[in-house]
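One structure is given below, encoded as structure tokens.
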Amino acid sequence: MSDAAPTDRAGWAARAASLTLPTGLFIDGRQEPALDGAVLEAVYPADGQVLAEMACGGAADIDRAVASARAAWADGRWRHMAPRARMAVFARFADLVEQAAVELALLDSLSMGKPVADALTIDVPETVLTLRWFGECIDKIEGAVTNTAQEAVHLIHREPLGVVGAISAWNYPLLMAAWKIAPALAAGNCVVLKPSERSAFSPIRLAELFVEAGGPPGVFNVVNGLGPVAGAALALHPDVAKISFTGSTATGRRLMMAAGQSNLKRVALETGGKSPQIFLPDLADLDTAVDAAVRGIFDNAGQVCNAGSRLLVHADLHEDFVRAFTRRAAELYRPGDPLDPTTSLGPMVCRAHQQGVLARIADGVAEGAELAFGGGADPGRPEGAYVLPTLFTGVASGMSLAQEEIFGPVASLLRFETEDEAVRLANESIYGLAASVWTADLKRAHRLVKALEAGVVWVNCFGDGDMTQPFGGYKQSGNTRDKSLECLDGYLQSKSVWISLS
Ligand code: NAD
């Protein structure tokens with residue numbers, strides 16, 4: 001059983017004050033400082049206070065962690081463990097994460113300013129589900145015997161890859177780490193995780209809990225450090241078989257080049273997005289659609305890869321839509337203290353990101369879009385990296401507001417007249433992560449689904465799904481899928497065994 005969650009801000013703050021923050025590199029089953037003693041500061045974005053100094057790993061630390069994972073791979077302490085035994089480790093691992101829910105929620109809330117209520121009710125339960133789901137897959141990984149001629153037997157074994165290097169983003173620190181390490185470990189690989197240097201507390205704790213659950217030391221290592229240093233060293237490492245990445249499209253591009261410069265390791269990318277939501281005049285219920293639209297862009301303060309940041313609204317709906325959107329946003333999202341369990345909108349992850357989002361808003365104003373509400377920092381919280389929920393109307397598809405991933409609470413509304421125009425606008429993007437269609441006409445919904453260039457299309461909902469759903473993008477939103485059996489497949493390779501009977 002997890003300990004009871006505090007019910008008010010004072011309770012959460014008291015728990016935060018008594019927390020031991022995980023700050024080391026986690027190599028070979030224990031926390032350690034960086035070899036050269038380097039540290040980086042963890043800053044609480046809600047007030048700018050330094051929370052801790054964390055070990056900042058460099059290339060030599062990546063070498064140590066990869067060597068540890070490589071040794072664990074070579075002696076088979078994980079991949080040769082019986083599937084049921086590995087499943088038992090996974091089941092205990094998931095239970096321990098569930099029991100540590102309050103602590104893990106706090107770690108994410110402190111590191112990146114996520115409202116603690118979201119971390120507790122979304123990130124942690126989704127992480128537990130991810131671990132349970134991939135854990136349950138372990139003894140269902142099957143090879144094949146193909147239908148050959150009589151003089152041969154052909155077996156196809158499904159085998160893990162070796163050492164997987166996982167590089168993750170800061171927007172869901174615990175959950176994005178779990179989306180990488182759970183399928184990698186379930187497939188029998190060993191892992192070196194390089195979490196975002198802005199949010200490494202919970203990934204380090206996750207690795208500790210794996211060992212506490214009976215996972216052998218060396219199988220799951222974590223090296224916190226700067227992207228261009230530790231991340232780049234992992235991407236170039238000759239003993240890493242695959243890089244599994246969640247982050248920006250720009251970094252994804254570098255990782256593919258690093259694979260080419262080193263050992264042609266596999267590179268699986270989950271990158272940026274600019275997801276369109278299409279609202280047609282025959283949608284069943286405007287309030288339901290608007291509620292989803294508001295949540296789709298302002299949840300996690302818009303720091304979501306599949307955020308529904310482009311609202312494509314039919315001209316007939318436009319006026320009612322803007323009115324309802326403005327009202328619902330004001331009801332649901334007001335900036336607040338992340339440790340207050342009633343808060344729904346926290347700060348940006350850091351001051352630099354806040355400044356970047358504000359600069360994009362200024363670009364939008366300069367390009368001639370109309371600012372319907374928001375559009376600035378929160379004047380009531382100057383010490384924090386807050387950005388007010390923002391809506392632009394009158395956005396044209398060529399504007400930066402419609403093309404660039406802002407990764408903040410900024411919605412851009414584009415008006416359309418015809419279905420064909422909606423499809424053209426939706427697909428006019430380098431990204432193709434997700435999209436949604438709101439209509440009561442089933443034929444129209446299917447027509448649009450077929451026409452949209454996106455890895456995930458929601459119909460009359462936004463953001464829904466479960467673990468069976470392959471999650472990932474078309475075009476420059478990536479080349480892989482998280483969650484799902486398709487994802488597990490990406491951490492396996494086939495070995496064809498041809499046996500002559502003649
Ligand atoms: P980022 O690309 O700046 O960083 C992501 C990770 O890459 C971090 O761990 C960082 O340290 C590392 N990194 C940075 N430079 C590197 C380099 N040169 N070599 C190796 N590693 C390097 O992205 P971010 O700002 O942390 O995250 C936001 C981005 O993540 C957004 O674009 C968002 O859309 C994307 N994202 C995508 C998904 C998805 O599933 N498609 C999910 C969450 C976030």
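The values are calculated or read from the model by the stated rules, or taken from the named source; none is laboratory data. All figures in this text were calculated on a predicted structure; none of them were measured in a lab. With ideal geometry, Cβ positions are generated from the backbone for all residues, glycine too; neighbour counts draw on all protein chains shown. Accessible surface areas use protein heavy atoms only, side chains included; no ligands, DNA or RNA. Shrake-Rupley method; radii C 1.70, N 1.55, O 1.52, S 1.80 Å.
Hey, what does the equivalent ellipsoid look like for the chain, semi-axes from the Cα gyration tensor as sqrt of 5 times each eigenvalue, largest first, whole Å? Provide the component values of the computation, followed by the final result.
Details: eigenvalues 286, 172, 82 Å².
Taking √(5λ) for each Cα gyration eigenvalue gives 38, 29, 20 Å.
Please work out whether segment 74-193 counts as rounded, prolate or oblate from its C-alpha gyration tensor, where a ≥ b ≥ c are the square roots of the eigenvalues and a/c under 1.5 means rounded, while otherwise a/b larger than b/c means prolate and anything else oblate?
Numbers: a/c = 2.76, a/b = 2.50, b/c = 1.11.
Because a/c hits 1.5 or more and a/b exceeds b/c, segment 74-193 counts as prolate.
Please compute the net charge surrounding D123, taking Lys and Arg as +1 and Asp and Glu as -1 over other residues with Cβ under 11 Å from its Cβ.
Values: positive: K114; negative: D108, D118, E126.
Summing Lys/Arg as +1 and Asp/Glu as -1 gives -2.
Show me 425-438, 114-127 ranked by packing, highest mean number of other Cβ atoms within 10 Å first. Please list the in-between numbers first.
Numbers: 425-438: 24.6, 114-127: 22.4.
Ranked from most to least packed, the peptides come out as 425-438, 114-127.
Could you give me the ³J(HN,Hα) list for segment 394-409, computed from phi with Karplus coefficients 6.51, -1.76, 1.60 and θ = phi - 60°, whole Hz, x at Gly and Pro?
For segment 394-409, the Karplus-derived couplings read x, 7, 9, 4, x, 6, 4, 4, 9, 10, 9, 6, 8, 6, x, x Hz, x marking Gly and Pro.
Please give the net charge around K180, taking every other residue with its beta carbon less than 14 angstrom from that of K180, where Lys and Arg add +1 and Asp and Glu add -1. Don't jump to the answer; show the numbers that get you there.
Details: positive: K194, K242, R266, R481, K483; negative: E126, E270, D482.
Taking every other residue near K180 into account, the sum is +2.
So what are the three principal axis dimensions of segment 276-469 from its Cα atoms, in whole Å, longest to shortest?
Largest to smallest, the principal-axis extents are 51, 38, 30 Å.
Which aspartates and glutamates, on any chain, are close to K180 with Cα under 15 Å apart, when same-chain ones fewer than 8 places away are left out?
Within reach: D123, E126, E270, D482, E486, D489.
Counting Lys +1, Arg +1, Asp -1, Glu -1, what net charge surrounds L332 among other residues with beta carbon under 13 Å of its beta carbon?
Values: positive: R295, R327, R328, R334; negative: D118, D287, D291, D299, E331.
Net charge around L332: -1.
Hey, can you rank 460-466, 202-208 by average C-beta count inside 10 Å, highest first? Kindly include the intermediate steps, with their values, before the conclusion.
Details: 460-466: 15.1, 202-208: 26.4.
Top of the packing list down: 202-208, 460-466.
Hey, what number do you get for the chain at 222 nm if only DSSP H runs of n ≥ 4 count, each worth -39500 (n - 2.57), divided across all residues, to the nearest 500?
The helix-only estimate for the chain comes to -11500 deg cm²/dmol at 222 nm.
I'd like the distance separating the alpha-carbon centroids of segment 121-188 and segment 386-438, in whole Å.
34 Å
Rounded to the nearest 20 Debye, what is the dipole magnitude of segment 276-469 about its Cα centre when Lys and Arg each give +1 and Asp and Glu each give -1 at the C-beta? Working shown, then result.
Numbers: 15 positive and 27 negative charges, 43 e Å.
Once rounded to the nearest 20, the dipole reads 200 debye.
Only Cα pairs under 8 Å and at least 6 apart count here; give the relative contact order of segment 276-469 as a rounded whole percent. Let's see the in-between values first.
Values: 347 pairs, mean separation 52.6, N = 194.
Taking the mean separation of contacting Cα pairs over the length of segment 276-469, I get 27 percent.
Going by average Cβ density within 10 Å per residue, which order do the peptides 393-406, 169-182 take, highest to lowest? Kindly include the intermediate steps, with their values, before the conclusion.
On the way: 393-406: 19.0, 169-182: 26.5.
Top to bottom by mean Cβ count within 10 Å: 169-182, 393-406.
Obtain the nm distance between the two label points defined at E331 and Q493 by a simple spin-label model: each point lies 7 Å from its Cα along the Cα-to-C-beta direction.
It works out to 5.4 nm between the two label points.
Within straight cross-link reach of K495, meaning Cα distance under 18 Å, which lysines are found once same-chain residues fewer than 8 apart are removed?
Leaving aside lysines fewer than 8 places away in the same chain, those within reach of K495 are K140, K242, K265.
Karplus couplings for segment 259-265 from phi (6.51 cos²θ - 1.76 cosθ + 1.60, θ = phi - 60°), rounded to Hz, Gly and Pro as x?
5, x, 7, 10, 10, 6, 4
Tell me, what HN-Hα J-couplings in whole Hz come from the Karplus equation 6.51 cos²θ - 1.76 cosθ + 1.60 at θ = phi - 60° for each residue of segment 60-75, using x for Gly and Pro?
5, 6, 4, 4, 4, 5, 5, 5, 4, 5, 5, 5, 5, 5, 5, 8
So how exposed is S244, as accessible area in Å² (1.4 Å probe, rounded to 10)?
Roughly 0 Å² of S244 is accessible to a 1.4 Å probe.
Which value does Rg/Rh take for segment 306-389 over its C-alpha atoms, Rh per Kirkwood? Could the numbers behind the result be given before it?
Numbers: Rg = 14.2 Å, Rh = 14.4 Å.
Result for segment 306-389 is an Rg/Rh of 0.99.
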